[in-house]
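Coordinate-derived values only; no laboratory data. Here the structure is a predicted model, which means the values were calculated and not measured. Cβ atoms come from the backbone with ideal geometry, glycine included; neighbour counts cover every protein chain shown.
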Amino acid sequence: MPPRSNPRRTPLAAALTALALGLVGLAPLALTSQAVAETAAPAAPVADAPDLGDRVIVFDDSMPVAEIRERTDEIWRQQVDAEMSEERWSLLFRPGTYGTDDEPLQIKVGYYTEVAGLGASPSDVVINGKVEVYNRCLTDAPTQPYCVALNNFWRSLSNLTIDVNGAGQDGCRASANFWATSQAASLRRVDVRGGNLSLMDYCTEGPQYASGGYLADSRAGTIINGSQQQWLTRNSEVGNWTNGVWNQVFAGTVGAPSEAGFPTPPYTTLDETPLSREKPFLHIGDDGQWQVRVPDAQTGSRGITWAEGATAGKDLPLSSFHVASPDQSARTIAKALDRGKNLLLTPGVYDVDRSLVIRRDDTVVLGLGHATLTAVGGATPVVVRHQAEGVVLAGITVDAGTELSRNLVHIQGQPGTKQKPRTTTPSTTLNDVYIRVGGPHIGKADVSMRIDADDVLVDHTWVWRADHGVEGFTAGVAGDTDRWNTNIGRVGVIVNGDRLKATGLFVEHYQEFNTIWNGEDGHVVLYQNELPYDPPSQADWTRPDGTLGWSGYKVADDVQRHELFGGGVYVYNRNDPSITTESGFEVPERDGVRLHHVMTVNLEAGSIEHVVNDTGARVDSDAPGVPSYVVDFPAP
């Protein structure tokens, strides 16, 4: 498919109308793991499904395909437009094969829905059929229809094999397994066989835009990038990658395209990933017991972790976890952490009026079904104390509340003190940790994620000050100024610790610098940013010293060593198209600070004068969708 360029978000009026439609009639479904267990005839040995609440559905391959499809379709119909709802779902598949050549299992995945296999390897769960995300049609947009994937957030697919089977679908739909998503929608430990994997939906009537995603520890043949504007593929195997749009990054991926000729095509390719640690996952062991595999960290890694057997790591019994539910108080959950328990957050929205503080080494906090922690009374929902080592936070979303929080996630440390560098085990790992300020309700936080500790690994995060939502937003596209004063997010990410490594850092729409990097030896593979859409005027988007705007990525003036591979900063000043920003990236000019393959782009309104500092051409509405690239800064 040809590259596309367009503003990445839907017009606000269209989004609000679709959201309102999606929030009507969202009644809880009467589907429980207990009910499924009672109707299935699981093969031995297998333990009864633990009580994970009524939003975790456990399927068995003895269930009729039609029954599984009916249940998953019912959830999809509830979630397909439920962008700002409180519903959360985890759809888990016991080891086995689902679907046949003549009767494939074809699943569609909506908002806040996790689909995952319960095997130790992706090959233990085989879907003969598809697991798909299509474009979302917003019918009151300027064109009729207006079907895009730009807002297809918050969903996931992991730990299973898809034998692509489009039987019964029309010719276009049968051509690939479609995963048309944007931010906060990860693919992990997925093996796609016998057909193409498309990262856009080219079957729905246009314009078919998609923007931003993440694939890790996975294998596929032909991957159709299509209109995906930026994408990270890490530690995977691909047979063929079809095209690129603005910013396609590969790290430790067998079969990745060469970056020669950048920006035509716009590929950034690292032969190895300097530091990686795969996300923990729930699975059923050989003895039939439920447990959580915590993969080991890897250095200089390449390819999938399960090619020659089980992913290296340790298994934690479910008994070592406090299984939390949304009706439990933050005090109850915090006490469980204090008693030395790991934490399994079942699907739902949790009101957190006091910090969940992690003090113990090797603590694992794992969310199912996009479990969401919402700050209450200005709390900081997640705190990792500086003495805790080997902590893993995975699969959670943290929401700002209506009262100002100082931070939403705080990885504490002692910046500036000399600590022994780590080489194999990060001090803290964040996998698929998403942070949101605004959207379903007014949100207020000074800093969304603050990392003071050394040796932290951030593996896929989306830190988002909402550019649309259901409260605190005016209805029009132009003149949308209420959000600037009600949806408060000064800075997205502040890194004060040394040697932080990030693979997939997405930070968007904050009111000053989106990311501030004060620590030494930072290493980032793919940085994606949109400047805020909603400054009311240039005066609101000018620093006290007179500099026009705040850069999307700021490395502090005294930092001596820093590396970024593949970065983009986008501008769309829809309130006042005359607003300009001095530079997309702002870094000290010294040999130890190096940016490789970075760009800026105008999405329709506003301008950025330079890509990095005073280097790189201006982007503005005279050429929307046409990036300005800097291959290396400083130039070799």
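Just a few scattered comments:
- Long-range Cα-Cα pairs in the range 343-517 (distance over 23 Å), rounded percent: 36 percent
- FRET efficiency, 1/(1 + (r/R0)^6) with R0 56 Å, evaluated for residue 635 and residue 331 via beta carbons: 0.50
- Reducing the range 247-261 and the range 275-343 to their Cα centroids gives an inter-centroid distance of 30 Å.
- Once the Cα atoms are used to define both axes, helix 12-22 deviates from the longest principal axis of the chain by about 20 degrees.
- Mean shadow area of the chain over all directions, Cα convex hull, nm²: 24.9 nm²
- Out-of-range pairs (alpha-carbon distance over 18 Å; input 314/501; 501/554; 279/501; 108/279): 314/501; 108/279
- Considering only beta bridges that DSSP places wholly inside the chain, some 15 percent are antiparallel.
- For the chain, the longest principal axis of the C-alpha atoms and the axis of helix 65-79 are separated by about 30°.
- All Cα-Cα separations within the range 262-419 were binned at 5 Å from zero, giving a P(r) of 2, 8, 15, 18, 18, 14, 11, 8, 5, 2, 0, each value a whole percent of the pairs.
- Charge tally in the Cβ shell below 11 Å around residue 459, where Lys, Arg are +1 and Asp, Glu are -1, residue 459 excluded: +2
- Peptides 334-345, 117-128, 163-174, 76-87 ordered by average Cβ neighbours within 10 Å, highest first: 117-128, 76-87, 334-345, 163-174
- For the peptides 571-582, 610-621, residues were scored by their other Cβ atoms within 10 Å and the scores averaged per peptide; the highest-first order is 571-582, 610-621.
- Note on the range 501-636: Kirkwood hydrodynamic radius from all Cα pairs is 14.5 Å, rounded to one decimal.
- The trypsin sites (Lys or Arg not before Pro) of the range 346-428 that DSSP puts in a loop, and whose beta carbon has at most 12 other beta carbons within 10 Å, are 418.
- Size of electric dipole in the chain: Cβ of Lys, Arg +1 and of Asp, Glu -1, about Cα centre, debye, nearest 20: 840 debye
- Kirkwood radius and radius of gyration were both taken over the C-alpha atoms of the range 476-573, and their ratio Rg/Rh is 1.00.
- Contact order, relative form, for the chain: 8 percent (alpha carbon pairs under 8 Å, 6 or more residues apart, mean separation divided by residue count).
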